[in-house]
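None of the figures in this text is laboratory data; all of them are computed from the coordinates on show. A quick note: this is a predicted structure, and the numbers were derived from the prediction, not measured. Every residue, glycine among them, receives a Cβ derived from its backbone with ideal geometry; neighbour counts consider all protein chains shown.
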Amino acid sequence: MGGIHKKPLSTVDRESRRAEKERLKKFVKVTSEKSEGVKVTVVSGEILNKARDIIKNSRVITPYTIVSKIEGLTYGVAKDVLEMFESEGLIKLVSRNRRISIYVPANVDMKLGA
């Protein structure tokens, strides 16, 4: 009674796209156009000095502010630098959650609501 049924159109379409992609792969060499610069993963004295200058001129410091102003610095390294500055007493931790830590310079008094 039931017999053999046809494949659904979505399956036929998917298979035809996959076959076309495989056919084109033989003729076209896919290359990545992404060209990223050198990323800094080790903290040097130069980076620490730049970060100190940024902290002196900022009212609020986050890892993103450091990353955006120092070219090639990774977000993880910026977090490490800020944690190091906090342990030195150069900055104070205001708020922290799972994603971000917010710091202020140690010489700034926190006045809420003013």
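Think of each Lys and Arg Cβ as +1 and each Asp and Glu Cβ as -1; about the Cα centre, that makes the dipole of the range 45-105 roughly 300 debye.
Taking every pair of distinct Cα atoms and averaging 1/r, then inverting, what Kirkwood hydrodynamic radius in Å comes out for the range 45-105?
One over the average 1/r among Cα pairs gives 11.3 Å for the range 45-105.
Cross-link partners of LYS26 among aspartates and glutamates, defined as those whose alpha carbon lies under 15 angstrom from its own and excluding same-chain residues fewer than eight positions apart, are absent.
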